[in-house]
1. Of all DSSP beta bridges in the stretch B:93-208, what percent run antiparallel (nearest 5)?
2. Which residue, B:Phe153, A:Gly3, A:Ile20, has the largest displacement toward the positive end of the dipole of the protein assembly as shown when charges sit on each Cβ (Lys, Arg +1; Asp, Glu -1)?
3. For chain B, what is the mean residue ellipticity at 222 nm derived from helices alone (per DSSP H run of n ≥ 4: -39500 (n - 2.57); sum divided by total residues; nearest 500 deg cm²/dmol)?
4. Greater than 31 Å separation of Cα atoms is the criterion. Which listed pairs, B:Lys43/B:Lys181; A:Lys193/A:Lys242; A:Lys13/B:Lys136; B:Lys12/B:Lys93; A:Lys6/B:Lys123, meet it?
5. Compute the signed sum of charges (Lys and Arg +1, Asp and Glu -1) over the other residues within less than 14 Å, Cβ to Cβ, of A:Arg2.
6. I'd like to know which of A:Leu35, B:Phe25, A:Thr68 lies farthest towards the positive end of the charge dipole of the protein assembly as shown, counting +1 on Cβ of Lys and Arg and -1 on Cβ of Asp and Glu.
7. Run the numbers for B:Ala296 and B:His11: contour at 0.36 nm per residue of separation, minus the present Cα-Cα distance, in nm.
8. Per residue of B:81-91, what is the mean number of Cβ atoms on other protein chains within 10 angstrom of that residue's Cβ?
Amino acid sequence: MRGFWKLLLVQAKLYLREPIATFFTIFYAPMMLLLFGAIYGNEPSPFFGGRGAMDIAVPSYIGLIIVTVGFISLPIGTAAARERGVLRRFRATPLHPLAYILSDIASYLLMTVIGVLLLILTGRVVFHIRFEGNILSVLAGFLLGTTAFFALGYLIAGLAPTARSAQTVGMILAFIMMFISGATIPLEVLPAKVRAISQYIPLTHVVTLMRGLWFGDSWGQHWKEVAVLVGCLLVGGALAVKTFRWE
Amino acid sequence: MGIAIEVNDLHKFYGPVRAVDGVSFTVEEGEIFGMVGPNGAGKTTTIECVEGLRRPDRGTIRVLGLDPQRDGYELRRRIGVQLQEAALHPRLKVWEALDLFGSFYPRRVDGKALLEQLGLADKRNAAFEELSGGQKQRLFIALALINDPELVFLDELTTGLDPQARRAMWDLVRGIRERGKTVFLTTHYMEEAERLCDRVAIMDRGKIVALDTPENLIRSIGAEQRVVFTVDGQWDDTLLRGVPGVTRVERIGERTVVYGRGEGLVGGVVSALERMGIRFRDLRTEQPTLEDVFLALTGREMRE
């Protein structure tokens, strides 16, 4: 695994040198939280089962960060590195492919974690949000959702012929999913027809799982979400490995 | 001197295209070995098979005693590679690139000293995208040398550089050999191969058509050298035709071209002109080059 840590550090630095990626990964969700919190507050409401709008928003926005990194940053970064010949250059060194891919995944995971921590911190400090779940359980759900979306993100990069097309596909899918999955607008507000469609998009299952675990649901209550995400991870991951190209 | 690279009957096909069609050669330790030929001749495919980046369809390759396909990781620790088409992340800084690539190897040299040798010391904190073409190529050389390799591969190192940067690059490559390393390079500049390489393989359409030192290659085609000069007014060139080695004399207006062979050709022509009391100017000689060798061997000009 020689090179893993150095590469992780460099990838993280390069990510933070990209102002747009940094903004949308780290600052966008807390900003949305502040904005909607200013509008709706966090008073308990029967509409949200006795919880406030921000209590619901924080676990939901975790899905927003996951889809931003997984479907936008990761496919663009991967396809661009391939297109520029960065990956070719790595192949001419003794860097092991596994070390490369693990440090790549770890760098995107790190960015997602930073974004999520800042989101939770904002919610906690500004809106005193409630947390009724188990931290380890929420962490496991977060890792499942994140790795499933990363697998799909690598698949987008593998299928896209160029960085531009990876960007187009990733952004269109991400922006559609953001608004009909409950990641931005709560599922409760969406019309029944949209909610029916939302059952077919993977991000809805991340949001539902995160919200459930956040308020203390058991994994058994969410077997459907878990099954969909494990499916995305395994099938997406296998196809991503098959479609991955060094050049 | 031992053998650094041994290639035997190498074939590589892309569909119906025979990119490399039965190539064999050896590279000796400590030499600069060049592969030269027009674009599409199969040079890059050959060098990338030797580096282990491409899998040959047929033939055997041994590099530093290793099989590039089977012992790829072991081999890549001991070689340095500059690729024809590669780049770094635009915002990666020069020192970070050296630090990163150095971390891939068990053994590495001091990156700072390397940057100084390559004239990049003041660019340590510059991002890759801010570098000029020549600076990028020097950085890629630095990356190829970071592990103190025994063997260095340079693929089209000077393509896209201006003549001055190209000459500076030649000095760098000579410096690499002086440090006891073997260099295997490809180029489509005949002049570069002639000035830089100890031995040259001329490649055309997937095959090696000739392999020797540049001097031997040029001598082998028995090409004539030319003495060119200008004389104002009328004069009689009969006496010139008698100079030893001269094969023919061509006159186009005021310009005269004397064709011939042999060491004493220029001296003979000049003293004959002086004996005749002819006032000549702008005299220069043109030696046959590898371009002429390529023309003689393939019947085509190098330049497309």
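1. So the antiparallel bridges in the stretch B:93-208 amount to around 40 percent.
2. Going by the charge dipole, the pick is A:Ile20.
3. Value at 222 nm, helices only: -9000 deg cm²/dmol.
4. Table pairs above 31 Å Cα-Cα are A:Lys193/A:Lys242; B:Lys12/B:Lys93.
5. Combined, the nearby Lys, Arg, Asp and Glu give +3.
6. A:Leu35
7. Roughly 100.1 nm would be gained on extension.
8. 6
FYI, it's all coordinate maths here, none of it is from the lab. This one's a predicted model, so the numbers in the text were calculated from it and none came from an experiment. So basically every Cβ, Gly included, is an ideal-geometry build from the backbone, and we count neighbours across all protein chains shown.
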